[in-house]
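All of the numbers you see were taken from the coordinates with simple rules; none came from a lab. These numbers were taken from a predicted model, which means no experiment stands behind them. Note that we place each Cβ from the backbone using ideal geometry, even for glycine, and neighbour counts take in every protein chain shown.
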Amino acid sequence: MTRVTLRPVRENDLTIFEEEFGTPAGRGELHWFGHRSPGRDRRAYAENGMLQDDGGTLTVCEGDDVAGRVDWGRASGWGPPADSWCWTIGILLRPAVRGRGIGTEAQRRLVAYLFDHTRAHRVQAYTDPRNRAEQRALEKAGFRREGVLREVQWRAGAWHDQLLYALLRTDPR
Ligand SMILES: CC(C)(COP(=O)(O)OP(=O)(O)OC[C@H]1O[C@@H](n2cnc3c(N)ncnc32)[C@H](O)[C@@H]1OP(=O)(O)O)[C@@H](O)C(=O)NCCC(=O)NCCS
């Protein structure tokens, strides 16, 4: 595996994201929620480079090549939002680069980035029970499995369980 890095999104990346993640095959059936406006990413890119105080997107690179994207957003609801907030992260890699360790390394780097540059105490992620690759990648990046969110996600005409994972600033990494 060539060196994995995260960098701000460039305009050309948006076309790659649209082509690679705009279909059930590219995105993966476990992450297909129907067609979405490509305008949403393009507007966010034009407005703020997809980097805001309450969330953002970085491009995952393997060497100079675009491998995918990582996203994060502010999650609250565990208490008063001003204090009891955390980040929820997500990742999409291009189908051709999966299974080579990039997902593990990219999520490791995203956690380090968020703990370095924000005051967050907790980074969380959720994934489908059938997504063994993401479960392993999260575990290898230091996340702990916390439990099952029962039938929390509507997808493909049915409700689906999700597994909740989290990594605290004070956890070993
Ligand atoms: C999930 C994803 C991020 C994982 O990244 P990746 O680079 O493919 O995974 P890695 O190569 O880092 O592998 C991580 C672990 O999962 C294992 N793994 C990889 N693919 C697997 C598969 N299809 N089934 C079971 N295990 C798998 C690897 O063997 C490795 O474990 P090991 O080191 O113990 O052998 C990536 O595959 C992806 O983007 N998939 C589509 C979108 C997605 O599922 N996003 C997650 C959002 S919930």
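Output the number of residues of the stretch 134-147 satisfying the condition of being surrounded by 15 or more Cβ atoms within 10 Å (Cβ to Cβ) and in a helix (DSSP H, G or I). Steps first, answer last, please.
Let us first name the residues in the stretch 134-147 that are surrounded by 15 or more Cβ atoms within 10 Å (Cβ to Cβ), namely 134-135, 137-138, 141-143.
Keeping just the survivors that are in a helix (DSSP H, G or I) gives 134-135, 137-138.
Counting residues in the stretch 134-147 that are surrounded by 15 or more Cβ atoms within 10 Å (Cβ to Cβ) and in a helix (DSSP H, G or I) gives 4.
Quick check on this structure: which one of A96, A125 is surrounded by 15 or more Cβ atoms within 10 Å (Cβ to Cβ), within 25 Å of T2 (Cβ to Cβ), aliphatic (A, V, I, L, M) and within 16 Å of the ligand (Cβ to nearest atom)?
Working: A96 fails: surrounded by 15 or more Cβ atoms within 10 Å (Cβ to Cβ).
Only one candidate qualifies: A125.
Has the stretch 37-55 got at least one residue that is out of contact with any Leu (no Cβ under 7 Å at 6 or more places or on another chain), buried (at least 19 other Cβ atoms within 10 Å of the Cβ) and under 23 Å from T5 (Cβ atoms)?
Here is the first cut: in the stretch 37-55, the residues out of contact with any Leu (no Cβ under 7 Å at 6 or more places or on another chain) are 37-40, 43-44, 46-55.
When the remaining residues are screened for being buried (at least 19 other Cβ atoms within 10 Å of the Cβ), the result is 50.
Cutting the leftovers down to under 23 Å from T5 (Cβ atoms) gives us 50.
Looking for residues that are out of contact with any Leu (no Cβ under 7 Å at 6 or more places or on another chain), buried (at least 19 other Cβ atoms within 10 Å of the Cβ) and under 23 Å from T5 (Cβ atoms), one finds at least one in the stretch 37-55, hence yes.
Which residues, counting only those in the stretch 39-72, are among the aliphatic types (A, V, I, L, M) and in contact with a helix residue (DSSP H, G or I) (Cβ under 8 Å, 6 or more places away or on another chain)? Walk me through it before giving the result.
Residues of the stretch 39-72 among the aliphatic types (A, V, I, L, M): 44, 46, 50-51, 58, 60, 66-67, 70.
Within the stretch 39-72, M50, L58, V60, V66, A67, V70 meet the criteria.
Within the bounds of the stretch 80-95, is there any residue that is closer than 21 Å to R130 by Cα, in a loop (DSSP other than H, G, I, E, B) and free of Cβ contacts under 8 Å to residues at least 12 places away in the same chain?
Residues of the stretch 80-95 that are closer than 21 Å to R130 by Cα, as a first pass: 88-95.
From what's left, in a loop (DSSP other than H, G, I, E, B): 94.
From what's left, free of Cβ contacts under 8 Å to residues at least 12 places away in the same chain: none.
There is no residue in the stretch 80-95 that is closer than 21 Å to R130 by Cα, in a loop (DSSP other than H, G, I, E, B) and free of Cβ contacts under 8 Å to residues at least 12 places away in the same chain.
Pick from A96, A106, A120: which is within 24 Å of P8 (Cβ to Cβ) and touching a helix residue (DSSP H, G or I) at 6+ places or on another chain (Cβ under 6 Å)?
On the way: A96 fails: touching a helix residue (DSSP H, G or I) at 6+ places or on another chain (Cβ under 6 Å); A106 fails: touching a helix residue (DSSP H, G or I) at 6+ places or on another chain (Cβ under 6 Å).
Among A96, A106, A120, only A120 is within 24 Å of P8 (Cβ to Cβ) and touching a helix residue (DSSP H, G or I) at 6+ places or on another chain (Cβ under 6 Å).
Taking the stretch 2-60 on its own, how many of its residues are under 24 Å from E105 (Cβ atoms), within 16 Å of the ligand (Cβ to nearest atom) and either basic (K, R) or not in a strand (DSSP E or B) (or both)? Walk me through how you get there before you give the answer.
Taking the stretch 2-60 as the starting set, the residues that turn out to be under 24 Å from E105 (Cβ atoms) are 2-10, 12-14, 16-17, 19-21, 26-28, 30-31, 41, 49-51, 55-60.
Retained after the next criterion (residues that are within 16 Å of the ligand (Cβ to nearest atom)): 2-6, 13, 16-17, 19-21, 26-28, 30-31, 55, 57-60.
Next, only the ones that are either basic (K, R) or not in a strand (DSSP E or B) (or both) stay: 2-3, 13, 16-17, 19-21, 26-28, 30-31.
Number of matching residues: 13.
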